[in-house]
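J.: First the structure, then my questions, so here it is.
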Amino acid sequence: MRSIRDLDTVELIIDAQGLLDSIRGPERVIDAGTLRALEHSGNYVVGLFDDEDGEERMVGASIAFFGEPGKRTMHSHITALLPEYRGRGWGRELKEHQRQWAFSREVGRITWTFDPLVARNAHFFLTVLGARVTGYTINHYGIFGGGDAGDESDRLDVEWMLADIAKPPASDAVVATVEIPSDVESMRETDPDAAHEWRLRLRAEMEAQLDKGLRLAGFETGRGYLFTK
């Protein structure tokens, strides 16, 4: 059994901070005080709970906040699951809960950023959820620890149109592909220099395709990013 619910007590907020710290490493993504302020002011601050063994445990969390007034948007700051709970469809369930929560508040789209080197996220966001890439930024957050493990933090900007889910491009529309490693997160632990080389290679190839006026239209496991005219 599992449930998704608001983190509406100090105890739950502190648990969520600890959960996110354990997932993202020594560089804190968001502190308990900010989480509490976001929750208190009506933003999306939820936890995913598992009570499979009879004892409830928070195994995931998702935080999003409202965007510019009048644009009917939210920005999803982080959605994370403990590693042992990935691959079960629970991350999709958490994002669908966020989608329905947004719909109920007349929000039409949700934006976020992600590291383009992480293949599992590229597949999940672009292929499974049907979000669209809207931009590419070099070293978006500067150099810090966490998921980038001290490397530069290049990011793809995405937009999830909640009533207009993107579909993968037709095979005959793909004019270029850009490969990424299958598991850069493990590579960062075993060979950080190689991971950094991938960062620079991907940056150059992304910029080359975008400078041609091509559009990053999807992702396919084994091929990488798919570009169309």
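The values are calculated or read from the model by the stated rules, or taken from the named source; none is laboratory data. Quick caveat, the model's predicted, so the values are computed rather than measured. All Cβ positions, glycine included, derive from the backbone under ideal geometry; neighbour counts span all protein chains shown. Side chains are part of the model used for accessible areas, which takes the heavy atoms of the whole protein and leaves out ligands, DNA and RNA. Shrake-Rupley method; radii C 1.70, N 1.55, O 1.52, S 1.80 Å.
J.: Any idea which residue in the range 216-229 is nearest to residue 174 (Cα to Cα), counting only those that are under 20 Å from the mean Cα position of the chain (by Cα) and outside any loop (DSSP other than H, G, I, E, B)?
T.: Selected residue: 226.
J.: Between a first residue in the range 83-112 that is basic (Lys, Arg) and a second residue that is in a helix (DSSP H, G or I) and open to solvent by 50 Å² or more (accessible area, probe 1.4 Å), which pairs have beta carbons less than 8 Å apart while being 6 or more apart in sequence or on different chains?
T.: Note: pairs meeting the criteria are 86/120.
J.: Looking only at residues in the range 1-33 that are outside any helix (DSSP H, G or I) and of a type in the set (A, V, I, L, M, F, W, C), which one is least open to solvent (accessible area, probe 1.4 Å)?
T.: Only one residue fits best here, namely 7.
J.: Continuing with this model, one more query. Collect the residues in the range 77-107 that are more than 28 Å from residue 188 (Cα to Cα), open to solvent by less than 20 Å² (accessible area, probe 1.4 Å) and in contact with a Leu (Cβ under 9 Å, 6 or more places away or on another chain), keeping them in residue-number order.
T.: 102, 107
J.: Applying the selection to the range 38-61, what residues are buried (at least 17 other Cβ atoms within 10 Å of the Cβ) and free of Cβ contacts under 8 Å to residues at least 40 places away in the same chain?
T.: If the condition is that a residue be buried (at least 17 other Cβ atoms within 10 Å of the Cβ) and free of Cβ contacts under 8 Å to residues at least 40 places away in the same chain, then 38, 39, 45 are the ones that fit.
J.: Could you list, in sequence order, all residues of the range 34-57 that are farther than 18 Å from residue 101 by Cβ and in a strand (DSSP E or B)?
T.: 50, 57 - these are the residues of the range 34-57 that are farther than 18 Å from residue 101 by Cβ and in a strand (DSSP E or B).
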